[in-house]
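The values are calculated or read from the model by the stated rules, or taken from the named source; none is laboratory data. From a predicted model like this one, the values you see are computed outputs, not experimental measurements. FYI the Cβ positions are ideal-geometry reconstructions off the backbone, even for glycines, and counts take in every protein chain you see. Accessible surface areas use protein heavy atoms only, side chains included; no ligands, DNA or RNA. Shrake-Rupley method; radii C 1.70, N 1.55, O 1.52, S 1.80 Å.
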Amino acid sequence: MRLEEETGGGARGATDWRENLIGTDEGLKRLLDETRRVAVLGMKTERQSYQPAFYVPQYLVAAGLEVVPVPVYYPEVTEILGLKVYRKLAEVPGPLDMVNVFRRSEDIPPHLEDILAARPKSVWFQSGIRNDGVAEQLARAGIKVVQDLCLMVEHRALARRA
């Protein structure tokens, strides 16, 4: 009974939100097939072109996805890759298929409210980034979540298998 209370009431409730935690190749493929517009939280600028938080979104643009830069730093920057910068996810006009997160695991919780306000279909925490508490809250809100995987690596691998 205690487990049911903690998981939101019964095994079915627990199973439902856990289905939003994506980790299989099939789940990743389906998620990427549905993704066209990606906001990149924590995106770096051209000056940091050697860092994944720049070259992963650069790859996504080259792969034909629409990328929306949402840097955390660089207040003077208004464009990255020639794309308009937004300071909050909730300020991005129109629907978002995905939020790609480049923030340290411990720095994610302050962004939870903004992510939820933006209502993306999915949130992808990059390689080395994992926050099970935030992932659960997002999954319970009906948002698909991927943790600790590189979006560029997975996109390339799944494109090769297609």
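Quick look at the numbers
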{"read-out": "Residues located in region 23-45, provided they are crowded, with 20+ Cβ neighbours inside 10 Å, touching a strand residue (DSSP E or B) at 6+ places or on another chain (Cβ under 6 Å) and either on the phi > 0 side of the Ramachandran plot or not hydroxyl-bearing (Ser, Thr, Tyr) (or both)", "value": "Leu31, Val38, Ala39, Val40, Leu41, Met43"}
{"read-out": "Close pairs (6 angstrom Cβ cut-off, 6 or more residues apart or separate chains): within 17 Å of Trp124 (Cβ to Cβ) in region 55-78, open to solvent by 10 Å² or more (accessible area, probe 1.4 Å) and assigned to a helix (DSSP H, G or I) anywhere", "value": "Val56/Met152; Tyr59/Met152; Val67/Val61"}
{"read-out": "Residues being assigned to a helix (DSSP H, G or I) and of a type in the set (D, E, K, R) - total across region 18-48", "value": "8"}
{"read-out": "Residue ID - farthest from Arg130 (Cα to Cα), chosen from residues in region 89-99 that are assigned to a loop (DSSP other than H, G, I, E, B) and open to solvent by 60 Å² or more (accessible area, probe 1.4 Å)", "value": "Pro93"}
{"read-out": "Filter result for Phe102 (in contact with a Ser or Thr (Cβ under 8 Å, 6 or more places away or on another chain) and either open to solvent by less than 30 Å² (accessible area, probe 1.4 Å) or touching a residue at least 12 places away in the same chain (Cβ under 8 Å) (or both))", "value": "no"}
{"read-out": "Criterion (over 23 Å from Glu34 (Cβ atoms) and either touching a Lys or Arg at 6+ places or on another chain (Cβ under 6 Å) or open to solvent by 30 Å² or more (accessible area, probe 1.4 Å) (or both)) met by exactly one of Tyr74, Tyr59, Tyr86", "value": "Tyr74"}
{"read-out": "Subset of region 62-71 (residues that are surrounded by 15 or more Cβ atoms within 10 Å (Cβ to Cβ) and over 22 Å from Pro110 (Cβ atoms))", "value": "Leu65, Glu66, Val67"}
{"read-out": "Selection within region 119-153 - open to solvent by 20 Å² or more (accessible area, probe 1.4 Å), in a helix (DSSP H, G or I) and either in contact with a Lys or Arg (Cβ under 9 Å, 6 or more places away or on another chain) or over 19 Å from Gln58 (Cα atoms) (or both)", "value": "Asp132, Gly133, Glu136, Gln137, Arg140"}
{"read-out": "The lone exception for Arg161 - which of (1) over 20 Å from Leu21 (Cβ atoms); (2) more than 13 Å from the chain's Cα centre (by Cα); (3) surrounded by 13 or more Cβ atoms within 10 Å (Cβ to Cβ) it fails", "value": "(3)"}
{"read-out": "Filtered residues of region 106-116 (kept if open to solvent by 10 Å² or more (accessible area, probe 1.4 Å) and in contact with a helix residue (DSSP H, G or I) (Cβ under 9 Å, 6 or more places away or on another chain))", "value": "Pro109, His111, Leu112, Glu113, Asp114, Leu116"}
{"read-out": "Criterion (of a type outside the set (D, E, K, R), at pLDDT 95 or above and within 15 Å of the chain's Cα centre (by Cα)) met by exactly one of Val61, Val68, Val85", "value": "Val68"}
